[in-house]
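Q: Supplied in structure tokens, the structure appears directly below.
Every number in this text was worked out from the coordinates using simple rules, so none of it is lab data. It should be emphasised that the depicted structure is a prediction, and the values quoted were computed from it without experimental measurement. Glycine also receives a Cβ, built like all others from the backbone with ideal geometry; neighbour counts cover every protein chain displayed.
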Amino acid sequence: QATAQPDPAVGAAVKAADRAHVFHSWSAQGLIDPLAVAGAEGSYFWDYDGNRYLDFSSGLVFTNIGYQHPKVVAAIQEQAGKLTTFAPAFAVESRSEAARLIAERTPGDLDKIFFTNGGAEAVENAVRMARLHTGRAKVLSAYRSYHGATAAAINLTGDPRRWPSDTASAGVVHFWAPFLYRSPFHARNETEERDRALQHLEDTIAYEGPGSIAAIILETIPGTAGIMIPPPGYLAGVREICDRYGIVFILDEVMAGFGRTGEWFAADLFDVVPDLMTFAKGVNSGYVPLGGVAISAEIAATFETRPYPGGLTYSGHPLACAAAVATINVMAEEGIVGKAADLGARVLEPGLREIAERHPSVGELRGVGAFWALELVRDRETREPLVPYNASGEANAAMAAFGAACKKSGLWPFVNMNRTHVCPPCTTSEAEAKEGLALLDAALNVADEFTV
Ligand code: PLP
């Protein structure tokens, strides 16, 4: 293990080079202090000073099988020895096998796979396919969503990070998806929320012109924006609206896919089949960059005789695909999808529910499988967030203090706006999860100090 002897001097050198030369995402470069990571295994990672962290963030919600799974590491090594790279316009064993294994698991007839290097590129290509398939330009996308940081994907994104990049949101129209806790429709229950959300979508379509809309894109369960489980019937309702108007339905499963929710895909929870489905992250637990679009037979047929005008040098990279093949096989052999469901139902949900009741700073608990969010509030009655909604995205004192308390105790949380998400690897054991919940419980005492 690279970390048997953590060496602070190495850590200091890594950090110094990072500070000098690495330009980090989403950050004011002078205001950050990235942890130097020496190694990781399973649900833990550690720094060069010997501090160990239980990872309740799965990186950026991608290490669904945990870090350094030996079978996946071995498969990457084996592929590197056999054929490290090859151009996309060839049939390559690991690429065909990854596509076959993914198509076998995607819902309905989403049986053709276009590979990308990550989630945003998958979204870019899904939108392009929808526009070419329909001959229409507009795309409807939800507020409180995240679809990636490239040109089209950031414009589709419905959170404040879009604002500085939103120079040309050509053809993108945002609408409100259901979220009862902060209902845009002032609904009193999930049924009302669903019905009003569907009516709002119908109205938006009517005023945008049904014949001008190429696609509706939704995260099956919005992740980064707060893990909001759509009310029963909502996604089926969107499916029906799309069918009625000939609109392509895109589900973005970049975060929710590949076991995270206790199903292979979150769409399976709702029995809904989109026309296009984007994936990344969990497809190979992020071991080598990979994403893609699963394409329905009807849309694939559009490009049978007409060339698809899009591609990437590293599309279906053999190393990334070998990692996907190994990851999917490991998930199947070890029953990891079921493990995520079980971890959620038996450990995370009851544990988090108890925590949520105990702490006045917790306004709502939402989630499924290994995919949970605690919405932190200053005041449970008014639901005033612990940071103002639509703030610049910077954590305020309360969230910063809470995050620092977690890290000091050895828990690595996923904190965004006024929420902390609990998204450990799906392979996290009951004992590890309970250890993490105890640390989270203690750190929430810090958040409680900021409540009214
Ligand atoms: N779509 C969703 C739902 C995501 O959660 C993300 C990333 O978090 C993306 C797209 C973008 O993926 P990537 O960062 O791999 O480009």
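Q: Would you mind finding the longest exposed-site-free stretch of the chain, with exposed GluC sites (Glu not before Pro) meaning DSSP loop and at most 12 other Cβ atoms within 10 Å?
A: Longest run free of exposed loop sites: 1-303.
Q: Additional query: Need one word for the range 410-452: rounded, prolate or oblate. Basis is the Cα gyration tensor (sqrt eigenvalues a ≥ b ≥ c); a/c below 1.5 gives rounded, then a/b vs b/c decides.
A: Since a/c reaches 1.5 but b/c is at least a/b, the shape of the range 410-452 is classed as oblate.
Q: So what are the ³J(HN,Hα) numbers for the range 173-188, from phi and the Karplus equation (6.51, -1.76, 1.60; θ = phi - 60°), rounded to whole Hz, Gly and Pro as x?
A: Per residue, the Karplus-derived 3J(HN,Hα) values read 10, 9, 9, 9, 9, x, 6, 4, 4, 10, 4, x, 10, 6, 7, 9 Hz.
Q: Expressed in nm to one decimal, what extension gain is obtained for the pair residue 301 and residue 90 from 0.36 nm per residue of sequence separation less their Cα-Cα distance?
A: 73.9 nm
Q: Quick one: if you stick a label point 7 Å off each Cα along the C-beta vector at residue 17 and residue 188, how many nm between them?
A: It is 6.3 nm.
Q: If you put +1 on each Lys and Arg Cβ and -1 on each Asp and Glu Cβ, how big is the dipole of the chain around its Cα centre, in Debye rounded to 20?
A: 720
Q: Which FRET efficiency value, to the nearest 0.05, do you get for residue 404 and residue 128 by plugging their Cβ-Cβ distance into 1/(1 + (r/R0)^6) with R0 = 41 Å?
A: Between residue 404 and residue 128 the formula returns 0.45.
Q: For the chain, what is the largest minus smallest coordinate of the Cα atoms on each principal axis, given in angstrom and ordered from greatest to least?
A: 60, 59, 43
Q: Given only helices, namely DSSP H runs of n ≥ 4 each adding -39500 (n - 2.57), what is the per-residue ellipticity at 222 nm of the chain, to the nearest 500 deg cm²/dmol?
A: After summing the helix terms and dividing by residue count, I get -11500 deg cm²/dmol.
Q: Hey, another quick one. Compare the Cα positions of 221, 362, 117 along the charge dipole of the chain (+1 at Cβ of Lys, Arg; -1 at Cβ of Asp, Glu; about the Cα centre) and return the one farthest towards the positive end.
A: Result: 117.
Q: Once you list every other residue whose beta carbon is under 11 Å from the beta carbon of residue 48, what net charge do they have if Lys and Arg are +1 and Asp and Glu are -1?
A: Local net charge: -2.
Q: For each pair in 15/339; 82/407; 15/281; 112/339; 71/408, compute the distance between the two Cα atoms and list the pairs where it is over 30 Å.
A: Where the Cα-Cα span goes over 30 Å, the pairs concerned are 15/339; 82/407; 71/408.
Q: So how many Å³ per residue does the convex hull of the Cα atoms of the range 1-82 work out to?
A: 138
Q: With the contact rule set at Cα under 8 Å and sequence spacing of 6 or more, what percent relative contact order holds for the chain?
A: 20
Q: In bins 5 Å wide, starting from 0, what share of all Cα pairs of the range 70-333 does each bin hold, as a percent?
A: Histogramming the range 70-333 at 5 Å steps yields 1, 6, 13, 18, 19, 17, 12, 7, 4, 2, 1, 0 percent.
Q: Given the options 426, 284, 205, identify the residue whose Cα lies farthest towards the positive end of the charge dipole of the chain (+1 on Cβ of Lys, Arg; -1 on Cβ of Asp, Glu).
A: 205
Q: Could you compute the FRET efficiency for residue 204 and residue 10, with r as their C-beta to C-beta distance and R0 at 45 Å, rounded to 0.05?
A: So, using R0 = 45 Å, E works out to roughly 0.25.
Q: Residue farthest toward the positive end of the dipole of the range 70-333, with Cβ of Lys/Arg at +1 and Asp/Glu at -1: which of 87, 274, 261?
A: 87
Q: Suppose each label sits 7 Å from its Cα in the direction of the beta carbon; what would the residue 358-residue 244 distance come out to in nanometres?
A: Using points 7 Å along Cα→Cβ, the separation is 4.8 nm.
Q: Would you mind classifying the range 120-251 by shape? Square roots of the alpha carbon gyration tensor eigenvalues, ordered a ≥ b ≥ c; an a/c under 1.5 is rounded, otherwise it is prolate if a/b is larger than b/c and oblate if not.
A: Oblate, because a/c is 1.5 or more while a/b does not exceed b/c.
Q: Further, regarding this structure: Rounded to the nearest 20 Debye, what is the dipole magnitude of the range 70-333 about its Cα centre when Lys and Arg each give +1 and Asp and Glu each give -1 at the C-beta?
A: With Lys and Arg at +1 and Asp and Glu at -1, about 600 debye.
Q: I need the phi-derived Karplus couplings for the range 276-293: 6.51 cos²θ - 1.76 cosθ + 1.60, θ = phi - 60°, integer Hz, Gly and Pro marked x.
A: These are the phi-based 3J(HN,Hα) values: 9, 9, 8, 9, 5, 5, x, 4, 9, 6, x, 5, 9, x, 7, x, x, 10 Hz.
Q: Roughly speaking, what is the stretch gain from residue 383 to residue 33, that is 0.36 nm per residue apart minus the C-alpha to C-alpha distance, in nm to one decimal?
A: Result for the pair: 122.8 nm of gain on full extension.
Q: Right, another one. Please identify the longest segment of the chain free of exposed chymotrypsin sites (Phe, Trp or Tyr not before Pro), where exposed means a DSSP state other than H, G, I, E or B and no more than 10 other Cβ atoms within 10 Å.
A: The answer is 91-452.
Q: Still on this structure: Where both partners of a DSSP beta bridge lie in the chain, what percent of those bridges are antiparallel, to the nearest 5?
A: Here the antiparallel bridges make up roughly 65 percent for the chain.
Q: Can you compute the equivalent ellipsoid semi-axes for the range 253-374, i.e. the square root of 5 times each eigenvalue of the Cα gyration tensor, sorted largest first and rounded to whole Å?
A: Over the Cα atoms of the range 253-374, the semi-axes work out to 34, 17, 13 Å.
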